[in-house]
Each structure stands twice: as structure tokens, then as C-alpha cells.
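Colleague: I have a structure I would like to understand better, so I am pasting it below and will then ask my questions one at a time.
Each value in this text was obtained by applying a stated rule to the coordinates, not by laboratory testing. A quick note: this is a predicted structure, and the numbers were derived from the prediction, not measured. Reconstructed Cβ throughout: ideal geometry from the backbone, glycine too, with neighbour counts over all protein chains shown.
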Amino acid sequence: MLKTRRRPLQFESLEEKVLLSAAMADPSATIHRSAVKPFLLNGSVQGLPAGSFVSKGLEVKRFPISGRLGSMGKVHGFILLSNKMVTRGALPDLTNSLLIVTNQNGSVLLGVKPSTMHHYSFQIIGVTTKYKSVSGSGILTIAPSPTSFNLIIELHSARK
């Protein structure tokens with residue numbers, strides 16, 4: 001038969017123990033510095049304004065777009081034109097328009113500033129969900145597609 005000895009519960013003092021590790025960890029070295037990746041909208045979207053033909057040209061009711069934009073990836077959305085009339089043979093005037101792009105993570109609202117040569121500045125003026133802390137601006141151009149009836153809108157984010 002085995003005999004077991006019962007010992008009273010005690011705490012062991014660490015004061016007399018020798019530290020086995022020769023290197024001490026520097027507490028300041030354990031701070032993790034996360035590299036903030038810039039939010040870039042470099043890429044292009046394309047679409048075709050839809051509306052009613054009138055004597056001056058096309059009165060745009062909607063302007064759906066889709067494409068791929070840098071940090072967001074594959075996107076879809078639409079443009080809310082300030083000037084809804086597109087004269088025959090001309091490109092839409094994007095001055096003071098809103099461009100809304102959306103993906104599975106949320107939406108980004110871009111405000112388009114005035115231009116005379118279809119070479120506009122844009123700024124992020126609204127965001128939702130995952131994009132709540134992003135900001136930015138850049139350049140936007142619009143041109144006809146050489147291979148389809150669509151218009152191509154190129155975006156290039158400004159680097160900070």
C-alpha cells in the first residue's frame with residue numbers, strides 16, 4: 001500500500017531564486033507600431049448615362065458605374081450629376097457632382113470640384129462602415145472608351 005504525505009498549502013518565495021534568462025525584455029520594445037496603409041482610389045470605373053433624349057441632347061436620369069478602385073477593389077455605384085443636361089457630342093460635366101462607390105465593406109462619397117477641361121479634383125466627403133476613418137483627395141478624368149459606348153472615369157489619389 002502506498003503512503004501519501006499530506007503537506008500544508010504554502011507559497012514559495014521567489015526572492016532567493018536565480019533568474020535563468022540572461023536577457024531581460026525591454027517593455028518599450030513590445031509596443032506594436034502598426035503601419036497605416038494609405039487609402040488610395042487609383043483605378044477606373046465606367047458607365048453610360050441613361051435618360052431621355054431632348055432637343056439639346058440627353059437629360060440624364062441616372063449614371064450607374066462599376067469598376068475597380070485601389071484600396072476598395074471591385075466597386076459599383078453611381079454619379080449624381082449637378083448638371084443633368086449632356087449636350088450632343090459632349091462629355092457630361094461632372095462639376096459639383098457626387099460620385100458614390102460601394103463594395104461589400106461600405107461606401108465612399110466623393111465630391112467633384114469644378115473644371116473646364118474634364119480634368120477634375122475630388123475629395124472624400126462621406127464614408128460608411130469599414131471606411132469610417134478614411135479621407136483623401138485626388139484627380140478625376142472622364143473620357144470615352146475606345147472599345148465601347150461607355151465613359152471611363154479614371155481616379156488618381158493624391159499621396160500624403
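Colleague: Just need the relative contact order of segment 43-157 here, percent rounded to a whole number, with Cα pairs under 8 Å and 6+ apart.
Modeller: 21
Colleague: Are any of the pairs 84/132; 74/113; 74/132 more than 26 Å apart by Cα-Cα distance, and if so, which?
Modeller: 84/132
Colleague: Evaluate the distance, in nm, between pseudo-label points positioned 7 Å from the Cα of residue 42 and of residue 147 along their respective Cα→Cβ axes.
Modeller: 2.1
Colleague: Measuring from label point to label point, each 7 Å out along Cα→Cβ, what is the residue 104 to residue 132 span in nm?
Modeller: With each label point 7 Å from Cα toward Cβ, the separation is 2.1 nm.
Colleague: Additional query: Treating only the Cβ of Lys, Arg, Asp and Glu as charged (+1, +1, -1, -1), what charge dipole size does segment 43-157 show about its Cα centre? Round to the nearest 20 debye.
Modeller: Here the size comes out at about 200 debye.
Colleague: Restricting the calculation to Cα positions, tell me the Rg (one decimal) and the Dmax (whole number) of segment 43-157 in Å.
Modeller: Just the Cα atoms of segment 43-157 yield Rg and Dmax of 13.8, 45 Å.
Colleague: For segment 123-139, take each phi angle, set θ = phi - 60°, evaluate the Karplus expression 6.51 cos²θ - 1.76 cosθ + 1.60, and give the result in whole Hz per residue in order, putting x for glycine and proline.
Modeller: 9, 6, 10, x, 8, 9, 6, 4, 8, 4, 10, 8, 8, x, 7, x, 10
Colleague: Step through the residues of segment 70-75 one at a time and calculate ³J(HN,Hα) from phi using the Karplus curve (6.51 cos²θ - 1.76 cosθ + 1.60, θ = phi - 60°), rounding each to whole Hz and writing x for Gly and Pro.
Modeller: Karplus-based 3J(HN,Hα) across segment 70-75 equals x, 5, 8, x, 6, 9 Hz.
Colleague: Can you check what the net charge comes to around residue 54, using other residues whose Cβ is under 15 Å from the Cβ of residue 54 (Lys, Arg +1; Asp, Glu -1)?
Modeller: +3
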